[in-house]
Amino acid sequence: MARFAPCSGLRLSLYNARMPTVDAVMAAERAASFTKRSIKTHTKRAALELALSMLDLTTLEGKDSPEKARSLCRKAVRPFPSDEQVLGKRLPSCGAVCVYPSLVETCVRELGDAATRNVKIASVATGFPSGQYPLEVRLDDVRRAVAAGADEIDMVISRGTFLAGGYDVVAEEIRATKRACQRGDGSYAHLKVILETGELETLDNVRKASDIAIRAMHDVIASGMGGTGVAAVHGHNVDFIKTSTGKVQPAATMPVTLVMLEAIRDWYLETGCVVGMKPAGGIRSAKQAVHYLVMVHETMGPLKVPGFETSNGNPWLTPDYFRFGASTLCNDILRQLVRLKTGKYVAGYDFSEA
Amino acid sequence: MWACGQRPPVARYDSPMSSHPATGSSLKSISSNGHAASNGSAEKPREATRPPAPAASAFAGGFEYAPAPETVKVEIKERYGHYISGGWTTASTGKDASFATINPANEKTLAHVSQGTDKDVDAAVKAARAALPRWQALPATERAKFLFRIARRIQERARELAVLESMDSGKPIKESRDVDIPLVAAHFFYHAGWADKLQFAFHGRTPSPIGVCGQIIPWNFPLLMAAWKLAPALACGSTCVLKPAETTPLTALRLAEILEEVDLPPGVVNIVTGDGRTGAAIVNHPGVDKVAFTGSTDVGKKIAAATAGTKKKLTLELGGKSAHIIFEDASLDQAVEGIIQGIYFNQGEVCCAGSRLLVQESVLEEVTKKLELRLASLRVGDPLDKNTDVGAVNSAQQLATINKYLKLGEEEGATLCRANSSTLPGSGYWCRPCFFTGVQPSHTIAREEIFGPVLSVMSFRTVDEAILRANNTPYGLAAGVWTDKGSKVLDIAKKLQAGVVWCNTYNKFDPASPFGGYKESGFGREGGVHGLRGYVTL
């Protein structure tokens, strides 16, 4: 076949082909509809307890001290020490603590080793929160956090590269990060990919970044299974997509979370794989948390995933696949639980800080 | 991710559609992976890895919302008379002189209303005629004040009106509270603004009131339809005789109380209750200058015949079988929301309901699957529960009509999807939302208005075919188009024979936006500047 023009070397990104788009007006309307649900009495109590168990109790400050990390761990294990007296039942522990890599070892000492602790240790890494470092530095950050004992790694994507259209680069960085999550025994730390949706600006971008992240993480696990069967040995591997670092406004919003849930749902419909979801930043009140759970219920509930009968076929209504990244949310949940039980609002200082 | 790269061991969700085996992996538009490793692994079943032991959920029995009943109590009289000339007639008793209006969600009688006789209608028309000279001589700013007062009073009594509307019509409180009643107030506010600016609506011409208006409204949006009829008429200086539908007269009668509260001059608005015979008496009364009717095409044709050859002006807003077109380049998740809003809003008892879904062939499977999932999450039940999405069908008669079409659709060869499994209350008139697939344009369910939560799903391949199919109907009330491409929207909107074309949304109403139909969907417009035209002579 004759060629009429010299090959320009132009590479068309595969990710540009038939990516789903999002209508922002309708997405916002749908997200708002969840806030109009009226959740009362026993449903509210169950939702609040579930939200508590899904908390990634977070401290990500430059001034964080080992003592702060230790008190965070204690709060996560037993959020409300007088729960049995006041509420008549033991409340669940939080899902995880989320700290900078330098504090992972402190948390490991406080919470015990990986086999026994029921609160996971999540560490932000990859040059959090900006990610503006050479890839090798970011990957080293991950390896050190994993070696220190982190169960979960919260990475940030290169938003600049993404916005410049370097989708394949972003995907390859996520794959490299996932590979860096591999431990000496071949198992992987769980990975949460932070899209920093506040910097992506459009819901179209949120959807595109979600799809890229989900597929990139999948690539590593799938090839790992093909090669050595590591995943089979390890048992399971849960990866998440996450909205925000909490350092950029707006952080998690309901439309953004809805779009990411839709990406997760479509991936499940396509492959049968379940990816987790973590909205983070900006969720401060118990009421907001309940609205998010309503959204998870109504968006993912009809899928009826086999193997999750205990949560009515909805993996995302368990702390294994849905987390809230928040710090002030915890005490507001406790406050609402006390009010549901006693009919009275107690003061904020009745609950311990972290 | 558990069991990555492999299919789950059993069907991954309970598909009620036998024709749709649960093969989510074949969804066409989301397979843009492009990575050989994962593509390959997705196809080769691997040795099963155990999913993690699921954490005990607080929702072991499912996330069942606790009842959230609307608690406002509404007082309803045992019997109502007509509201004529600023006063109430004695409520009729007796078998033929009155009838019960019931709550369709529990079949209990709410009140008895009077059957309007020829005499009642005559009294109402005479009262409207008598009130006309003073009402149209009133300074326009004063007419505007009355409309403002009505709007404010409706806002103040909004919750009570919403509850009463839901009790009488069966629509969910969520809709009467957030859609119907706010729009009712908005219509009066909007037309209050027009009252003293009419000469600007018709440049270079002098509008004068059309006279006595006979207005007959349906049961699907009882108070909203009353507002659509009354507000422009009053703004233009006309007087009215309004007949609410026989199954839903209570909010119109409550509106009469509001008219009393705001001291609207006697006779300007008269409300006569009754069935079709009362409507016929209004249409045929020689003292009526204009007839405005919203309802079925059958009745509309009779009214058109009855008013032909008289001096009566007529506007008709009739049935529809509106097309909802989904292109492959649409935002599909949001399009599915639009489909849901389009057909299941108000139990599908909406004249402009998007009851014919036309989906581009390349995304038909994906849209159908997503629609099925979304259908399952709709909550059908007590209209007064704040979490109810779909309420009760308005009457036993309407439910029978819907059921007739459901049977007919299956007999003609379409496949019925009933993915919704809400628990229905023991009494009342209920129809779970559902849709038909495999529908041909020749099927009855694709041609006749069902007026219920029943959608007919069809496909098309090219843009021309979509337009051809959309316009292939005796009706022409509304249409919806979903695409991310602006130029396509503008092109198609021009070619669709429909009074309203919604783009990337559906069932959105605003008093400033005219509403009305083509062909057998009627003529004349309501709302906006265009809506004023039906109530003035130039």
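Coordinate-derived values only; no laboratory data. These numbers come from a predicted model, not from an experiment. Because the Cβ atoms are built from the backbone with ideal geometry, glycine has one as well, and the counts that use them run over all protein chains shown.
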Would you mind computing the Rg to Rh ratio of region A:68-139 from its alpha-carbon coordinates, Kirkwood style for Rh? 1.12
What does the helix-only formula give at 222 nm for chain A: each DSSP H stretch with n ≥ 4 adding -39500 (n - 2.57), the total divided by the residues, and the result rounded to the nearest 500 deg cm²/dmol? -14000 deg cm²/dmol
Per residue of region B:82-99, in order, report the coupling 6.51 cos²θ - 1.76 cosθ + 1.60 (Karplus, θ = phi - 60°) as ³J(HN,Hα) in whole Hz, putting x for Gly and Pro. 8, 9, 10, 6, x, x, 9, 7, 5, 5, 6, 10, x, 5, 8, 8, 8, 8
Please give the helix B:486-495 orientation as an angle from the longest Cα principal axis of chain B, in degrees from 0 to 90, rounded to the nearest 10. 50 degrees
Please list, in chain and number order, the residues 5+ apart from residue B:314 or on another chain whose amide H is under 5 Å from its amide H, with Hs placed from the backbone. B:291
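At 222 nm, what value in deg cm²/dmol follows for chain B if DSSP H runs of at least 4 each add -39500 (n - 2.57) and the sum is divided by all its residues, to the nearest 500?
Details: 17 runs with 191 residues, N = 538.
Calculated mean residue ellipticity at 222 nm is -11000 deg cm²/dmol.
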Along the charge dipole of region B:315-472, which of B:318, B:459, B:336 sits closest to the positive end, that is, farthest toward it, with unit charges on the beta carbon of Lys, Arg, Asp and Glu (+1, +1, -1, -1)? B:318
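Residue A:202 to residue B:76: FRET efficiency via 1/(1 + (r/R0)^6), r the Cβ-Cβ distance, R0 45 Å, to the nearest 0.05? Could the numbers behind the result be given before it?
Values: r = 50 Å, r/R0 = 1.12.
Step by step, r from the Cβ atoms, then E = 0.35.
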Region B:284-294 - phi-based ³J(HN,Hα) in whole Hz, Karplus 6.51/-1.76/1.60, Gly and Pro as x: 8, 5, x, x, 8, 8, 8, 10, 10, 10, 10
Using modelled backbone amide H atoms (1.01 Å from N, in-plane), which distant-in-sequence or interchain residues come within less than 5 Å of residue B:431's amide H? B:393
Please compare each pair in A:75/A:278; A:63/A:120; A:247/B:485 to a cut-off of 25 Å on the Cα-Cα distance and tell me which ones are over it. A:247/B:485
Roughly how many debye, to the nearest 20, is the charge dipole of region B:286-416 about its Cα centre, given +1 on each Lys and Arg Cβ, -1 on each Asp and Glu Cβ, and no other charges? 980 debye
Sort region B:278-354 into rounded, prolate or oblate with this rule: let a ≥ b ≥ c be the square roots of the eigenvalues of the Cα gyration tensor; rounded if a/c is under 1.5, and if a/c is not under 1.5, prolate when a/b is larger than b/c, oblate otherwise. prolate
Projected onto the charge dipole of chain B (unit charges on the beta-carbon of Lys, Arg, Asp and Glu, signs +1, +1, -1, -1), the Cα from B:501, B:68, B:441 with the largest positive-side position is that of B:501
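Under 37 °C and 0.692 mPa s, how fast does region A:297-354 diffuse according to Stokes-Einstein, given a Kirkwood radius computed over C-alpha pairs? Answer in µm²/s, whole number. Intermediate results must be reported in sequence, preceding the final value.
Working: Rh = 13.7 Å.
Estimated via Stokes-Einstein, D reaches 239 µm²/s.
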Between the Cα axis of helix A:203-227 and the main Cα principal axis of chain A, the angle (0 to 90°, nearest 10) is 80 degrees
Inter-site label distance for residue B:160 and residue B:109 at 7 Å from Cα along Cβ, in nm: 2.4 nm
Along the charge dipole of region A:41-193, Cβ charges K/R +1 and D/E -1, which of A:158, A:114, A:85 sits furthest on the positive end? A:85
7 Å from Cα along Cα→Cβ at both residue A:74 and residue B:66: what's the point-to-point distance in nm? 3.3 nm
Between the helical axis of A:24-34 and the dominant principal axis of chain A, each derived from Cα atoms, what acute angle in degrees is found, rounded to the nearest 10? 20 degrees
Kirkwood Rh in Å, taken over all unlike Cα pairs in chain A: 20.9 Å
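Note down the magnitude of the dipole of the protein assembly as shown about its Cα centre, charges +1 on Lys and Arg C-beta and -1 on Asp and Glu C-beta and zero elsewhere, to the nearest 20 debye.
On the way: 103 positive and 92 negative charges, 212 e Å.
In total the dipole reaches around 1020 debye.
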Evaluate Rg over Rh across chain B, taking Cα atoms for both radii and Kirkwood's formula for Rh. 1.02
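For residue B:530 and residue A:345, what is the calculated FRET efficiency with R₀ set at 41 Å and r taken between the beta-carbons, to the nearest 0.05? Kindly include the intermediate steps, with their values, before the conclusion.
Details: r = 53 Å, r/R0 = 1.30.
So the FRET efficiency works out to roughly 0.15.
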I'd like the Karplus ³J(HN,Hα) series for region B:437-447: coefficients 6.51, -1.76, 1.60, θ = phi - 60°, whole numbers in Hz, and an x wherever there's a Gly or Pro. 10, x, 8, 9, x, 7, 5, 4, 5, 9, 10
Can you tell me the Rg and the Dmax, both Å, for the Cα atoms in region B:281-434? 19.2, 58
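Starting from the Cα gyration tensor of the protein assembly as shown, multiply each eigenvalue by 5, take the square root, and state the resulting semi-axes largest first in whole Å. Could the numbers behind the result be given before it?
Details: eigenvalues 642, 192, 118 Å².
For the protein assembly as shown, the semi-axes come out at 57, 31, 24 Å.
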What number comes out for the charge environment of residue B:475, summing +1 per Lys or Arg and -1 per Asp or Glu over other residues with Cβ under 11 Å away? +1
Name the lysines eligible as straight-distance cross-link partners of residue B:119: C-alpha to C-alpha under 26 Å, and not fewer than 8 places from it in the same chain. B:77, B:95, B:229, B:243, B:290, B:301, B:302, B:311, B:312, B:313
Using a basic spin-label model with each label point 7 Å from the Cα along Cα→Cβ, how many nm lie between residue B:411 and residue B:205? 4.9 nm
Indicate, rounded to the nearest 5 percent, the antiparallel portion of the DSSP beta bridges found entirely in the protein assembly as shown. 20 percent
Considering amide H positions built from the backbone, and no H for Pro or chain starts, which residues 5 or more places from residue A:276, or on another chain, come under 5 Å of its amide H? A:239, A:240, A:241
If you put +1 on each Lys and Arg Cβ and -1 on each Asp and Glu Cβ, how big is the dipole of region B:364-523 around its Cα centre, in Debye rounded to 20? 200 debye
Over the alpha-carbon set of region B:157-243, divide Rg by the Kirkwood Rh and report the Rg/Rh ratio to two decimals. 1.06
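Grab the beta carbon distance between residue A:168 and residue B:484, set R0 = 35 Å, and tell me the FRET efficiency rounded to 0.05. Provide the component values of the computation, followed by the final result.
Values: r = 24 Å, r/R0 = 0.67.
Rounded to the nearest 0.05, the efficiency is 0.90.
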